[in-house]
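J.: This is the structure I want to talk about, given as structure tokens.
None of the figures in this text is laboratory data; all of them are computed from the coordinates on show. Just so it is clear, the model here is predicted, and its values are computed rather than measured. Here the Cβ positions follow ideal geometry from the backbone for every residue, glycine too, while neighbour counts run over all protein chains shown.
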Number of protein chains: 2
Amino acid sequence: MKQIHVGILGFGTVGAGVAKILLENREILSSRTGFDLNLKYVADIDTETDRGIRLAEGVLTDNAQQVVRDPDTDIIVELIGGEGAAKNFILDAIAQGKHVVTANKALIAAHGNEIVAAAGEKGVDFAYEASVGGCMPIIKSLRESLVGNRIFAMKGILNGTCNYILSKITEEGSTFADALKEAQAEGFAEAEPSLDVEGFDTAHKLAILNALAYGMKINLKDIYVEGITKITPDDIAFAREFGYKVKLLAIGKDKGDAVEARIHPTMIPLSNPLSNISGSLNALTISADAVGDMMLCGHGAGKMPTGSAVVSDITDIARNIIFGKSGRLPHLSYQPESIREIPIMPVDEIETNYYFRFAAADRPGVLSKISGILGKYNISISSVHQKGRQSEGPVPIVMLTHKAKEAGVKEALKEIRGLDVVRDDPMLIRIEDTEE
Amino acid sequence: MKQIHVGILGFGTVGAGVAKILLENREILSSRTGFDLNLKYVADIDTETDRGIRLAEGVLTDNAQQVVRDPDTDIIVELIGGEGAAKNFILDAIAQGKHVVTANKALIAAHGNEIVAAAGEKGVDFAYEASVGGCMPIIKSLRESLVGNRIFAMKGILNGTCNYILSKITEEGSTFADALKEAQAEGFAEAEPSLDVEGFDTAHKLAILNALAYGMKINLKDIYVEGITKITPDDIAFAREFGYKVKLLAIGKDKGDAVEARIHPTMIPLSNPLSNISGSLNALTISADAVGDMMLCGHGAGKMPTGSAVVSDITDIARNIIFGKSGRLPHLSYQPESIREIPIMPVDEIETNYYFRFAAADRPGVLSKISGILGKYNISISSVHQKGRQSEGPVPIVMLTHKAKEAGVKEALKEIRGLDVVRDDPMLIRIEDTEE
């Protein structure tokens, strides 16, 4: 049986998951593929910690360079993370003519165009299914299954930490701070959680998906990003009263000569299947001309789900090696010469429905002042809920709007904030309601 | 730009969808693939009806034989349906060394092993993503994305007609007959609906999925099949009281040296994501060692969704042609020599939870007689609901059981039916509740 030799760089959580699958499911893999995936190396600076994986003699090494340079290694799997060493090893592997698999969304979002260009020049395969949505075949769906479709929109819950925290607030009325602590205690959030809760991790993933769906270069910097740290149990309770749930959504829409790309807490109606995705689960809906709406749902992170996606990439590439030829699929989903410079629409230009919550003095005329300002900026109110008088201090006024332009909304809120009857910054949550 | 020539056999709903995608999205397809998919022929015995697709001069023909035999046609797309002409054309195309795409689940379920053997012998590609789950990448997920996983179980809503009817009964309290009539009026059910409502179409799909997931030959005849025609609004209302919805599920489970394979109306808890799949939508959950649980959801039928899946198969094969080699993937998901004879477990041997509804005389002692018989067959009752006295006639007694063996259940129900206080055949609905 022919052998394909695999070298893993990085023996952390995902590295251990990939090693476990390659070793424990080696036989089932070969009964499907007809060849043997041999785990030749696992490189990590820490060769002492027991990861519960029994590697054969000589597999574990602290010399990643040697793994990349070994002429017998066919596929290099980068699972170090970060943008420093990871990038250097990937570019070195490509330069050696090796095929590369990675799960490193931050790296691809920041340097994917450069890496893809290098892989194209060398004619090697570069695969990254595990970088978006863990085990779900999101990238395969965009590159292969939907190849005949014009894609209109993608909406996704792509960060398990945020979804876990928002689910906790929704189900238990916890504050953000308490829900975060619980998530950390249960291993669903990092000690340093800002990459997740500020929305940046989700933005990395959307940058990759936009490129695949719309035939544009990977563009991270122009994506609008807003995290979930300001969401209060009150907002989520109000959302429920209106028939909405609050999710951190990645939204990528084709707007003709631009792409709308934004990450923010979003109210979605209970009829939207994404509203049922709870806990640390991820999901993505894709709207396209032929398929209509399609949804993928599963574990978006973790040792084994992410490992599964990495192994599917390794196998795809190994099939190409056995086949005798790489480059069967473009590295993004369009041919390099068809990739266009499509701008991301500035967030000020988007139009959507809004939820506002104001902390207002409990005095006559407040509502009239606020709605007067909104009217001045062409923001039409669809409903107002003024909550009953509280013993002390300001009362919440909650409003939902019809479609309005973000730029006008910003101006209006600034002006409302200046009213002497309004305390604190107004809360704004965008609503994704009607079908587009 | 290189061209790949495609010939479609059958200009019905799906044929028209495939033609529409190939023509209208021709440019987007080539910008992704780097080659041109040329719709060279569309063959149908009816060349008169206007399908709203503008074909170039010479494309439409009533001579399918000529399309199959034309040496310039690279890929034959069989969308005739049925097991007669469709099978002959496919085998003829394979004999000519042509690659074949089909959406014909009935044909694959019945003759797939023979077709796959022929394709293997000739070394041509044979693809059928559209045969299961319409636009959803179910077959691609099983063959490629989950290649590193040991698959434990699949549970699916794979027939839109049945799901539409059951949703109507659930939401509007309609009878089966009325819901069927509505489904027919709205184009969601055929004039001759038995293939759908009796569960056979779902069985065709499960036969294909089992082969892919478990490495067995396609086996349709041993799948237990029970349709939805006996489901009453009462049963669905009782289900709701217990926190269940009723769905026609395809269930395929790995049981070690056998596979459990059955199609029947099933009560599932509201916490199961399949319970939210309403109307004509389809969905499949896959449980496997690495990914845990994953779900795909989308339109399982219809001109464009099914057309999308066919186009993805055409493109995959065309990429192989451009690549210069076919057979990159096995025709099922295992190598031919690794496909085993795994028996399907007789339905009598399955163990599950049950819902029973008896029409009983409203007399003292009835419950004791029924529960006595159940006890005799080791069927343990988890709850009983005896509904209030009605003005006339029998009253419903509803029971849920703990796990019990199907063989014992059958015997017990036969004995209960023989009681003079029980009218009509008892209703039995299996429950898929606990995680396995």
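J.: What relative contact order, as a whole-number percentage, does chain B give when Cα pairs under 8 Å and 6 or more residues apart are counted?
T.: Values: 896 pairs, mean separation 69.4, N = 436.
Answer for chain B is 16 percent.
J.: If you don't mind, another one. Size of the dipole of chain A about the Cα centre, Lys and Arg at +1 and Asp and Glu at -1 on the beta carbon, nothing else charged, in debye to 20?
T.: 780 debye
J.: Give the long-range amide H neighbours of B:LEU248: residues separated by 5 or more places, or on another chain, with amide H under 5 Å away, using H modelled in the peptide plane at 1.01 Å from N.
T.: Close amide H contacts, sequence-distant or interchain: B:THR266.
J.: Also: Please average, across the residues of B:24-36, the number of beta carbons from any other chain that are within 10 Å of each residue's own beta carbon, and give a whole number.
T.: On the way: counts 4, 6, 1, 1, 9, 3, 2, 9, 15, 7, 7, 1, 0.
Mean shielding by partner chains, rounded to a whole number: 5.
J.: Short version: ³J(HN,Hα) in whole Hz for each residue of segment A:21-26, in order, from phi by Karplus 6.51 cos²θ - 1.76 cosθ + 1.60 (θ = phi - 60°), x for Gly and Pro, what are they?
T.: Each residue's phi maps through the Karplus curve to give 5, 4, 7, 6, 9, 4 Hz.
J.: So what is the 222 nm mean residue ellipticity for the protein assembly as shown from helices alone, if each DSSP H run of at least 4 adds -39500 (n - 2.57) and you divide by all residues, rounding to the nearest 500 deg cm²/dmol?
T.: Details: 26 runs with 300 residues, N = 872.
Calculated mean residue ellipticity at 222 nm is -10500 deg cm²/dmol.
J.: Could you tell me how many cubic angstrom of Cα convex hull volume segment B:2-147 has per residue?
T.: 123 Å³
J.: Which residue, B:VAL246, B:VAL366, B:VAL101, has the most motion in a Gaussian network model of chain B that connects Cα atoms within less than 10 Å?
T.: Maximum fluctuation in the GNM of chain B, among the listed residues, is at B:VAL366.
J.: Still on this structure: Near the amide H of B:ALA153, under 5 Å away, which other amide H atoms are found, from residues 5 or more places off or on another chain, if H is placed in the peptide plane?
T.: Amide H to amide H, under 5 Å and 5 or more residues apart or across chains, B:ALA153 pairs with B:ASP254, B:SER287.
J.: Could you work out, residue by residue across A:326-339, how many beta carbons of other chains sit within 10 Å of that residue's beta carbon, and then give the average as an integer?
T.: So the per-residue partner count for this stretch is 3.
J.: Tell me the distances, shortest first, between B:GLY327 and the same position across the other copies, using label points 7 Å along Cα→Cβ, in nm to one decimal.
T.: 2.4
J.: Please give the FRET efficiency for A:SER194 paired with B:ARG423, using the beta carbon to beta carbon distance and R0 = 56 Å, rounded to the nearest 0.05.
T.: So the FRET efficiency works out to roughly 0.25.
J.: Turning to a different aspect of this structure: Sorting check: for A:289-297, A:45-53, A:342-350, which peptide has the highest mean count of neighbouring beta carbons within 10 Å, and how do the rest follow?
T.: Values: A:289-297: 23.6, A:45-53: 11.7, A:342-350: 16.7.
Packing order, densest peptide first, comes out as A:289-297, A:342-350, A:45-53.
J.: Among A:270-280, A:314-324, what's the highest-first ranking by average C-beta atoms within 10 angstrom per residue? Don't skip to the answer; put the middle values down first.
T.: On the way: A:270-280: 18.3, A:314-324: 20.0.
Most protected by this proxy first, the peptides run A:314-324, A:270-280.
J.: With both bridge residues required to lie in the protein assembly as shown, what share of the DSSP beta bridges run antiparallel, to the nearest 5%?
T.: 65 percent
J.: Each residue of segment B:41-58 in order: what ³J(HN,Hα) in whole Hz does its phi give by Karplus 6.51 cos²θ - 1.76 cosθ + 1.60, θ = phi - 60°, with x for Gly and Pro?
T.: Coupling constants for segment B:41-58: 9, 10, 10, 7, 5, 9, 9, 9, 3, 8, 9, x, 10, 8, 8, 5, 3, x Hz.
J.: Continuing with this model, one more query. Sort shortest first the distances from A:SER271 to its counterpart in every other copy, using label points 7 Å along the Cα-to-beta-carbon line, and give them in nm.
T.: Computed spacing set for this position: 2.8 nm.
J.: Something else: Using each residue's phi in segment A:225-240, evaluate 6.51 cos²θ - 1.76 cosθ + 1.60 at θ = phi - 60° and report the 3J(HN,Hα) Karplus result to the nearest Hz, with x for Gly and Pro.
T.: 10, 9, x, 9, 5, 8, 5, 10, x, 4, 4, 5, 5, 4, 3, 4
J.: If you keep only loop residues by DSSP, which GluC sites (Glu not before Pro) in segment B:129-208 have at most 16 other Cβ atoms within 10 Å of their Cβ?
T.: Here the sparse-neighbourhood loop sites are B:GLU186, B:GLU190.
J.: Another question, if that's okay. Treating the point 7 Å from Cα along Cα-beta-carbon as the label, what are the nm separations from B:ASN63 to the other copies, to one decimal?
T.: 6.9
J.: Once you list every other residue whose beta carbon is under 15 Å from the beta carbon of A:PRO343, what net charge do they have if Lys and Arg are +1 and Asp and Glu are -1?
T.: -1
J.: Separate question: Using alpha carbons only, how many degrees (0 to 90, rounded to 10) separate the axis of helix B:200-214 from the longest principal axis of chain B?
T.: The helix B:200-214 is inclined about 70 degrees to chain B.
J.: Further question on the same structure: Counting only DSSP beta bridges with both residues in segment B:138-299, what percent are antiparallel, rounded to the nearest 5?
T.: The answer is about 95 percent antiparallel.
J.: Which trypsin sites (Lys or Arg not before Pro) from segment B:1-37 combine a DSSP loop assignment with at most 15 other Cβ atoms within 10 Å? Provide the component values of the computation, followed by the final result.
T.: Details: sites: B:LYS2, B:LYS20, B:ARG26, B:ARG32; in loops: B:LYS2.
Those satisfying the criteria are B:LYS2.
J.: Next up: Can you list residues whose amide H is under 5 Å from A:ASP36's amide H, if they're 5+ apart or on another chain and H is modeled 1.01 Å from N?
T.: Amide H neighbours of A:ASP36: A:LYS2, A:GLN3, A:ILE4.
J.: With +1 on each Lys and Arg Cβ and -1 on each Asp and Glu Cβ, and nothing else charged, work out how big the dipole of segment A:138-299 is about its Cα centre, in Debye to the nearest 20.
T.: 560 debye
J.: Same structure, new question: Project the alpha carbons of segment B:88-221 onto their principal axes and report the range along each, largest first, in whole Å.
T.: On the principal axes, segment B:88-221 reaches 53, 35, 26 Å in Cα extent.
J.: Further, regarding this structure: Compute the angle between helix B:160-172 and the longest alpha-carbon principal axis of chain B, please, reported from 0 to 90 degrees and rounded to the nearest 10.
T.: Between helix and principal axis, roughly 40 degrees.
J.: Roughly speaking, what is the centre-to-centre gap between segment B:200-273 and segment A:26-88 when only Cα atoms are used, to the nearest Å?
T.: Segment B:200-273 and segment A:26-88 have Cα centres spaced 41 Å from each other.
J.: Compute the acute angle (0 to 90°) between the alpha-carbon long axis of helix A:406-417 and the principal axis of greatest extent of the alpha-carbon atoms of chain A; round to the nearest 10°.
T.: 50 degrees
J.: For chain A, just run the numbers: alpha carbon Rg, then divide by 2.2 N^0.38 Å, N being how many residues it has.
T.: 1.09
J.: Would you mind telling me the antiparallel percentage of the DSSP bridges in chain A, rounded to 5?
T.: So the antiparallel bridges in chain A amount to around 65 percent.
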